[in-house]
Amino acid sequence: MRAFEDPAPPDTHDFDRVTFFYAYHDITNLGVDRAKMHKAFYEALKPGGELVVGDYSAKPGAGTSAAQTLHRSDETLLTPEIEAAGFKLVDHGDFLRVPKDSREAHSHGGAESVDIYLLKFRKPE
């Protein structure tokens, strides 16, 4: 178990890929220094390595407001935060997208399918 801001032991580095799924909304409620976490991911990856993030999607522009109440995160907030660490957004997966999701219900409500975004960032070579 490690702190979010220090996810990899100091003697480990040059990872090909780091994945962070279904928890981005939680770290906004836990007081995690997201900039420090992103930088730690960046430093753990080899040049050309990838960071893949997936989470339950909030309405664009929701910022952190939907994180605690709806357990969703706003990818329009997440992308510039991760790019500020030096990553470049290179791809996204739409195979878990649910366009009919209103993004107004709790992500774990179970009544409807939930829209999920997947984003792939790359550390420049």
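The values are calculated or read from the model by the stated rules, or taken from the named source; none is laboratory data. These figures come from a predicted structure and were not determined experimentally. When we count neighbours, we look across all protein chains shown, and the Cβ atoms used for this are built from the backbone with ideal geometry, even at glycine. These accessible areas exclude ligands, DNA and RNA; they are computed on the full protein's heavy atoms, side chains included. Shrake-Rupley method; radii C 1.70, N 1.55, O 1.52, S 1.80 Å.
All conditions in (1) charged (D, E, K, R); (2) modelled with pLDDT under 95; (3) not in a helix (DSSP H, G or I) hold for residue 26, with the sole exception of (3).
Taking each residue of the range 1-25 that is under 20 Å from residue 58 (Cβ atoms) and surrounded by 15 or more Cβ atoms within 10 Å (Cβ to Cβ) and looking for partners that are modelled with pLDDT under 90 and among the polar types (S, T, N, Q) with beta-carbon atoms closer than 9 Å, six or more apart or interchain, yields 25/64; 25/68. Condition check for residue 101 on (1) part of a loop (DSSP other than H, G, I, E, B); (2) of a type in the set (D, E, K, R); (3) open to solvent by 50 Å² or more (accessible area, probe 1.4 Å): one failure, at (3).
Selection of the range 28-41 for residues being surrounded by fewer than 19 Cβ atoms within 10 Å (Cβ to Cβ) and in contact (Cβ under 8 Å) with a residue 12 or more places away in the chain yields 29, 30, 32, 33, 35, 36, 39.
Within the range 71-87, the residues that satisfy the criterion of being over 14 Å from residue 121 (Cβ atoms) and either open to solvent by less than 20 Å² (accessible area, probe 1.4 Å) or not in a helix (DSSP H, G or I) (or both) are 71, 72, 73, 74. Residue 107 fulfils the conditions (1) in contact with a Pro (Cβ under 6 Å, 6 or more places away or on another chain); (2) polar (S, T, N, Q); (3) open to solvent by less than 70 Å² (accessible area, probe 1.4 Å) except for a single criterion, (1).
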